[in-house]
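The values are calculated or read from the model by the stated rules, or taken from the named source; none is laboratory data. Treat the numbers as computed from the prediction; the structure is a model and nothing was measured. Don't worry about glycine lacking a Cβ; one is built from the backbone with ideal geometry, like all the others, and counts go over all protein chains shown. Surface areas here come from the heavy atoms of the whole protein model, side chains and all, with no ligands, DNA or RNA. Shrake-Rupley method; radii C 1.70, N 1.55, O 1.52, S 1.80 Å.
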Amino acid sequence: TRNPAPEVMRRVARKEYLLTLTQDKADTWLAWAKATNNRTYLRHALATYRTADQMIDFMRWEHVGEGSKKFWREKTHRLYENAIETCHRLNQPDDAFYFFEKSRAALLADRLNELGASQLLAPTDQKREADLQKTVNDLRQKVGDLKVGDKTADSLRQKLLVEEETQTAFVRSLETRNPAYFRYRYDTSAASLQMVRQNLLTEGQTLLEYFVGDSAVYALTVTTGAAKLTRLNAPNYAQATRQFLTLTADAAALNQHFPDFLKTSHQLFQQLFAPLGVPKGRVIVSPDGVLLPLELLSRSPTDPDYLLRDYAFSYTYSAQFLLKQASRKPLVSGSFLGMAPVAFAGGQPTLGGSDASLNAVATGFFSPTLLLGSAATKRAFLRELPRHRVAQLYAHAQADSSGQEPEIFFADSSLRASELSGLGLLPTQLVVLSACQTGVGQTTRGEGVFSLARSLALAGVPSTVTTLWRVDNVATYRLTELFFEKIGDELPADEALQQAKLAYLVAAPGNRQLPPFWAGMVLIGSAAPVEQGTSLWIWAGGGVALLGLGVWGWRQKKAPPRWLS
C-alpha cells in the first residue's frame, strides 16, 4: 500500500513512466474496491491518486512549453475522473473538491504564479526572464503561423526548442539563487473548502463545480454550511450541450424551433441543475470544458421559465483563481478609459454609433479618458490600459473554435490573444468583452476555452464579461448600458448583469426577447461589488474594458436585427 515519497518522485528522470505505474495502481485499487465493496481499498485508491497528482505537479514544473502542458492535461483527465469517483463512493466531498480544482486551469494558474513570482526578482533577472519569455512567445507565434510546406519550418522549430531549453535552465538557476521566487512560482497547492467558505462565499451564495468525464458527469455544490457531491444522470452530455448552444446562437433557427429549444433546455435543467437543490440567489459556476449558460435553462418544457429570474450566475476557471485574485490590491490612477475606433483596419465594417454609446456610458464616470476614431489605435490601447481602472473599447473581433487565434481590431491594426496574455500583470480589474464570440476559442480538456477572455485572465485581470456567440448590435448596446447603470447602483457584478438582462427583456419587442439577443453575455471571474470613491463612480476595486465589439452598424429598434462579426 506504500507509495513513493515526494522527494523520490522529484528525482525520477522519466516521470511519465512512474506516473503510469502509480495511476495503474490506483485504478487497480478502485476496481478491486468496486468488485468487493471494500471501503479500505477505496481509501488506498484515494491515497494513490493523491500521489499521482503530486507526480503531475512535478511534471508541470519540467514541461515549460505550452504544447507539452496541454498534452498532459488531456492525458491526465481520466485520472481525475477516477479519483472523483472514488471520493463519491466514499462520500467525501472535501477530497473531491481537491481533485476538481487540480483537474482544471493548471496552465492559467502556472502563468499567474509566474507573473506574481517575477515581482520577487531583481531587476536584471526580471529583464532576463521577460526577454526569454518574449523570445519564446514570438517563436511560438511564428511556428503557429507556418504554412504547409514552409522551408523554414524545421529551423524555426529547432530554434524554438533551443530557446525553451535556455528558458528552463534560467528558471532552474533561480531555485538556488532565489528560493522565495521559486516557492511562489511553483506553488501547486489547491484551495480547501474551508478557504472557500471563509474567503470566497458570502451568506446565501453557492459555488457549483462540474466535472465532465468519459463515463460520468459530477457536480459539487458548496455553500457556507454544506458540500454535496452528486453523480448526474446526463447521457450524451457533450452532444446535448453542443446542440443546445448551436440552436441558442442562431436567432432564425431558434425562432422556427422554439418548442424544441424549450424541451431541450428543460431536459438539461432536469439533468444538470434540478438534482442539486441550489438555493435561489448568487451562484458561482466552475464549468468543465465549454461554458453552458445556466441562466438559459428552463424549469418548464413549454414556457420560457429561465433560471435567470431567480439566480445571478457568474463563471470562473476555478475557485483557486478567484481566491488568488481577491488577494491582489493593485492601484492605478485613471478611473475610466474609453476607446471607439469607429472605422477599422483590415477591411472591417464601420462601427457606426459606437462613439455615441461610449459617450453615454462615460457620463457615469469621473474624469473619463476617451479615444475616438483614428486615436483608438492598438498602441494607444496597450499604453493606456494599465493606467486605468476602467477601460471600454468598442471594436470588431473574430474568433472560432478551431486553432485560429482570436483577435480584436483597432483603427490601425489588430491585437491577438497571445499579445493580450503577454502584457504582464495588469491592474485593470474587470474587463467586459461584450462582443462576437469573445468567449470562444479552441477548447483543451482540463483547461477550458482559449479565448480573448482567457487571455486577459492570463494577464492577471480577475473579471471579464464576454460573449458566447455572434451578438446583435442594438441588443448589445442596450445590455451594456443597463449593466453600467446597475453597477452604478452598487450591485455585485453578477447581480448587475442579471438585472440588466431582466430589464432588457421587459422592454425588448417581439423576437428580440429570444436568447440569442441577450443570453450570450456572461460574467467570468470575480463578481464582488465595485467599491466607489468620493467622486462620481471612482471605482477603487474594479475596471471595465469593453473589448472587441464587432458591430455592423447602429440601427433603430424597428430595423431587422444585425449581428456582430
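The Cα atoms of segment 264-326 cover 42, 24, 17 Å along the three principal axes, with the biggest extent listed first. For the peptides 270-280, 94-104, the ranking by packing is 94-104, 270-280, with the highest mean count of neighbouring Cβ atoms within 10 Å listed first. With R₀ set to 30 Å, the beta-carbon distance separating residue 40 from residue 94 gives a calculated FRET efficiency near 0.95.
Given contacts defined as C-alpha pairs under 8 Å and at least six residues apart, what's the relative contact order of segment 88-196, whole-number percent? Walk me through the numbers on the way to the answer.
On the way: 56 pairs, mean separation 48.9, N = 109.
Over segment 88-196, the number comes to 45 percent.
Computed from backbone phi, the HN-Hα couplings of segment 204-211 come to x, 9, 10, 9, 10, 10, 10, 10 Hz, rounded to whole numbers (Karplus: 6.51 cos²θ - 1.76 cosθ + 1.60, θ = phi - 60°; Gly and Pro given as x).
Please state the relative contact order of the chain as a whole percent: Cα pairs under 8 Å, 6+ residues apart? Let's see the in-between values first.
Working: 1085 pairs, mean separation 74.4, N = 565.
Relative contact order of the chain: 13 percent.
The overall shape of segment 157-199, judged from the alpha-carbon gyration tensor, is oblate: a/c is not under 1.5, and a/b is no greater than b/c. Within segment 372-464, all pairs of alpha-carbon atoms sorted by distance into 10 Å bins from zero give the percentages 17, 53, 27, 3, 0.
Please work out the ratio of the alpha-carbon Rg of segment 205-259 to 2.2 N^0.38 Å and round it to two decimals.
1.52
Estimated from the Cβ-Cβ distance and a Förster radius of 35 angstrom, the FRET efficiency linking residue 24 and residue 402 is about 0.50.
Quick one: net charge of residue 381's neighbours, Cβ under 15 Å, K/R +1, D/E -1?
On the way: positive: 378, 379, 383, 387, 416; negative: 384, 407, 412, 419.
Around residue 381, the surrounding residues sum to +1.
Whole-Hz Karplus values for segment 252-259 come out as 5, 5, 5, 4, 7, 10, 4, x Hz, taken residue by residue from phi with 6.51 cos²θ - 1.76 cosθ + 1.60 and θ = phi - 60°; glycine and proline positions read x.
Our summary gives segment 204-253 a relative contact order of 24 percent, counting only alpha carbon pairs under 8 angstrom and 6 or more residues apart. Site pair residue 326 and residue 155 shows an inter-label distance of 5.3 nm when each label is modelled 7 Å from Cα along Cα→Cβ. Taken one residue at a time, the phi angles of segment 88-99 give Karplus couplings (6.51, -1.76, 1.60, θ = phi - 60°) of 5, 5, 8, 6, 10, x, 4, 5, 4, 4, 4, 6 Hz. Gly and Pro are set to x. Distant-in-sequence amide contacts of residue 217, defined by a placed amide H-H separation under 5 Å and a gap of 5 or more residues or a different chain, comprise 232, 234.
Each 5 Å bin from zero holds the following percent of Cα-Cα pairs in segment 199-336: 2, 9, 17, 21, 19, 13, 9, 5, 4, 2, 0.
One Cα centroid belongs to segment 378-407, the other to segment 237-296; the line between them spans 29 Å. Taking the inverse of the mean 1/r over every pair of distinct Cα atoms in the chain gives a Kirkwood hydrodynamic radius of 24.6 Å.
For residue 371, nonlocal amide neighbours, meaning residues 5 or more places apart or on other chains whose placed amide H falls under 5 Å from its own, are 338, 339, 340.
About its Cα centre, what dipole magnitude does segment 276-420 give when the only charges are +1 on Lys and Arg Cβ and -1 on Asp and Glu Cβ, stated in debye to the nearest 20?
Working: 13 positive and 12 negative charges, 147 e Å.
Computed charge dipole of segment 276-420: roughly 700 debye.
Charging the Cβ of each Asp and Glu at -1 and of each Lys and Arg at +1, and nothing else, the dipole of segment 462-505 about its Cα centre rounds to 240 debye.
Extension gain, residue 130 to residue 256: 0.36 nm times the residue separation minus the Cα-Cα distance gives 40.0 nm. The calculated FRET efficiency for the pair residue 145 and residue 170, based on their C-beta separation and a Förster distance of 35 Å, comes to about 0.85.
Database remark: amide H of residue 389 closer than 5 angstrom to the amide H of 334, 335, 336 (H placed geometrically; neighbours at sequence offset of 5 or more, or on other chains; Pro and chain starts carry no H).
State whether segment 352-398 is rounded, prolate or oblate according to the following rule on the C-alpha gyration tensor (a ≥ b ≥ c being the square roots of its eigenvalues): a/c under 1.5 gives rounded; otherwise a/b larger than b/c gives prolate, and the remaining case gives oblate. It comes out oblate by the Cα gyration axes.
With Cβ to Cβ distances under 13 Å as the rule, what net charge do the other residues near residue 408 carry (K, R +1; D, E -1)? Before the final figure, lay out the partial values.
Numbers: positive: 378, 416; negative: 405, 407, 412, 419.
Net of charged neighbours comes to -2.
Considering only protein heavy atoms and a 1.4 Å probe, what is the carbon-and-sulfur percentage of the accessible area of the chain?
Numbers: 12090 of 23300 Å².
The C+S portion of the solvent-accessible surface of the chain is 52 percent.
Under the convention that each Lys and Arg Cβ holds +1 and each Asp and Glu Cβ holds -1, the size of the dipole of the chain around its Cα centre is about 520 debye.
Against the compact-protein benchmark of 2.2 N^0.38 Å, the Cα-based radius of gyration of segment 285-378 scales to 1.58.
How big is the C-alpha Rg of segment 410-494 next to the rule-of-thumb value 2.2 N^0.38 Å, as a ratio? Intermediate values should be presented prior to the final figure.
Working: Rg = 13.9 Å, N = 85, 2.2 N^0.38 = 11.9 Å.
Output field value: 1.17.
Ordering 366, 408, 449 by Cα displacement along the dipole of segment 344-456 toward the positive end leaves 366 in first place; charges were set at the Cβ atoms of Lys, Arg (+1) and Asp, Glu (-1). Secondary structure note: in the chain, about 55% of the DSSP beta bridges are antiparallel.
Based on alpha-carbon atoms, the Kirkwood radius and the radius of gyration of segment 86-201 give Rg/Rh equal to 1.12.
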